[in-house]
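The values are calculated or read from the model by the stated rules, or taken from the named source; none is laboratory data. Keep in mind the model is a prediction, meaning the values are calculated, not measured. Please note: Cβ atoms are built from the backbone with ideal geometry, for glycine as well, and neighbour counts cover all protein chains shown.
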Amino acid sequence: MRDAYKALSDKGFAEPDVDDVALPGDSYVDFAFKDKVPAGLFLGNVAVVVYLAVVWGAPNIGTFDFTQHKSGDEKRSQGMSLLVVAGLMGAVGAVLSALWLQALHLYAVRIISVTLQATVAALLVGAVAGFMEAGLAGQAIGLGNLFLAVALGLYYISVRHRIPFAAANLAVASKIMQRFPQIALTAYAAIAAQVVWTSLWTVALVGVWVIAYKDGGAMESLPSSTTTHFCVFLMLLSLFWGLQVLRNVVHCTAAGTVGEWWFSPHPEGAARRALRRCVTTSFGSICFGSLIVAALAALRFVLLTAKRRKSRGSVNACLDCLVGALESNLKIFNKYAYVQVALYGKSLYDAGLDTMLLFREKGWTAVVNESLVSSVLSTGCVVVGLATGLVGVGLVHATTACSDAEAHAHEGQCDTFSVLLTTFAICNAVGYAMCAVVSSILDSIVATVFVCFAEDPVALHITNSDEYMGIVDAWRQFHPELLTHSTFSASVSYA
């Protein structure tokens, strides 16, 4: 492995002598194109969205309205207002995500405890505010926040003993991020691309809506049918797929960079080479894993918003629970699978299978599943997503609401609840996805450290001895039983 990455750093990318390089065990470097079909499908998806936006959306966005009666600036359509909101939400999500990245960068060691404690405090404040609000709704909100605060507080108490181990891994990740600032630049570029993608998709959505409902697109004319739900699913699949691909490009870029840093004594230009592999030979694998997660996310959205959920509430609730559990497990699978995709150029299926077998052989499955890093990073992204969704709902309500007189005269035609619900869900998803891009840097680095430490810990001792000692000390303190394997015994004695 060290020879393979040395060849990459010395000769560039995809040289013939490193296309098939033997590694310790059954691993090998093979940076040939993998999973070509998903890559072609994703490019086709992008082409379709661009076509819909240009041919259907752009000519109609200036005249499209959700309701037949509105207040405010009559010269600007509600479709144009929706596009403005999409752009603003992209900016809000980008700013909040950038602030979150800086917090992770500066306070990596303390961020776990601080995030959990701050979230509990915020929920308690929300509970107090809810109880102070008159009415049953305020009490329900207060009870909900109080329940979440108690649950998260108990979770914090139960995992306190694992925080130092997670903090040690985050400290190493922070040092690597400082060593390779190009990874953060890649994340910022991905966020900008997400803003563009979301805006383009919004224009395409307006175009589809106008073509489907040529009678003006009023909300009361929307039928509840299987065809409608299927169209919603396809549009959401397109949106989520693009967001997931951009996130996973950052993930694989970080993983590939860490791999070169781990195995090569001269990792200069590692981030550039890793990014190039992500958008060429490994792009199909990235698209494949992203498609699976995006499909499950879109399906959950349709289950939550389907109008027939009232008559089949228990069925939809069970389906939503199953889909959510499957989505969560696939995200964990993809995270570690993408590490081997970035390191070795494997297909997604082979990478995921090999990673799970590796962790099972080393006895690391429980450690990987109980990692606090992903949980804390996800908590930050949930906060960013909620903030983005709430701001988006406020802006859409302000730009699509009827005047009081129109609301009394045309109550049914002024109902925008479905629009607001959809806006919150989409803005929340976009904000979460943007935050997930920057959070995935540290998460990817920690995941890559796990994989590389399982594969060849001695390599890090040779290339970066200080970081090696920090990782070994953390494992000795919190998981000494997992250092008894022969590989680790040799590594520890070598130190």
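Observations, loosely collected:
- Hey, Arg273 basic (Lys, Arg), under 29 Å from Ala351 (Cα atoms), part of a helix (DSSP H, G or I) and modelled with pLDDT of 90 or more or not: yes
- Set Ile176, Ile157: member being at pLDDT 80 or above, in a helix (DSSP H, G or I) and under 24 Å from Glu260 (Cα atoms): Ile176
- Among residues of segment 326-362 being assigned to a helix (DSSP H, G or I) and touching a strand residue (DSSP E or B) at 6+ places or on another chain (Cβ under 9 Å), the one that is farthest from Ala447 (Cα to Cα) is Tyr344.
- Counting only helices (runs of 4 or more DSSP H) that fall entirely inside segment 374-486 and contain at least 2 residues that are surrounded by fewer than 20 Cβ atoms within 10 Å (Cβ to Cβ) and at pLDDT below 80, the qualifying elements are 404-409, 417-455, 465-478.
- Matching entry among Ala168, Ala184, Ala189, Ala151 (being in a helix (DSSP H, G or I), at pLDDT below 85 and hydrophobic (A, V, I, L, M, F, W, C)): Ala168
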